[in-house]
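A.B. asks: I'd like to ask you about the structure that follows.
The values are calculated or read from the model by the stated rules, or taken from the named source; none is laboratory data. What you are looking at is a predicted structure, and each value in this text was computed from that prediction instead of being measured. No Cβ is skipped: glycine too gets one built from the backbone with ideal geometry, and neighbour counts run over all protein chains shown. Calculation scope for accessible area: heavy atoms of the full protein, side chains included, ligands and nucleic acids excluded. Shrake-Rupley method; radii C 1.70, N 1.55, O 1.52, S 1.80 Å.
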Amino acid sequence: MLLLMCSVPGSTQQIQLDTGLDRGVEARKQHVQLLTDSVDVPAGRAQEIELRFRVQPGFHINSHTPHDELLIPTSLQVAGNGVRVGGERYPSGSAFRLPGGGDTLDVYQGEFRVHLSLTAARGESTL
């Protein structure tokens, strides 16, 4: 979940990214961590932002375009008021061969970045 807040009246909005850890509820163990703390976007016009993620060592997740239609692709689902997503751009995955000579998967490991085109309204909004 992402939280969009206006720091001062004007044309710049700050997006504070909410990992769920500051809500007083212990987050369940995640193998993917959001590294981006916050970003500034101008109100009323499209701005590309970059979200940085890290997959814990020893783990991988499917890329946004896995080779098998039965595999679930990585995707961001954005919902909220006051912010409109105009597009998203995912990185290419890397090849990962399953142990024992299994299939080769298209995955994200380590750090990866997703770019979003956002348009933010003035005032406080939640994304």
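A.B. asks: Give the stretch 65-113 a look and list any residue that's within 30 Å of PRO42 (Cβ to Cβ), open to solvent by less than 60 Å² (accessible area, probe 1.4 Å), at pLDDT 90 or above and not β-branched (Val, Ile, Thr), or say none.
C.D. replies: Within the stretch 65-113, GLY87, TYR90, PRO91, TYR108, PHE112 qualify.
A.B. asks: Name the single residue, out of those in the stretch 37-62 being part of a loop (DSSP other than H, G, I, E, B) and not aliphatic (A, V, I, L, M), that is farthest from ASN81 (Cα to Cα).
C.D. replies: GLY58
A.B. asks: Going through the stretch 23-50 one residue at a time, which ones are touching a His at 6+ places or on another chain (Cβ under 8 Å) and either open to solvent by 80 Å² or more (accessible area, probe 1.4 Å) or at pLDDT below 85 (or both)?
C.D. replies: Restricting attention to the stretch 23-50, the residues satisfying the condition of being touching a His at 6+ places or on another chain (Cβ under 8 Å) are 48-50.
Passing the criteria: only GLU48.
A.B. asks: Out of GLY87, GLY110, which single residue is closer than 24 Å to SER38 by Cα, over 14 Å from the mean Cα position of the chain (by Cα) and not charged (D, E, K, R)?
C.D. replies: Checking each option against the conditions leaves just GLY110.
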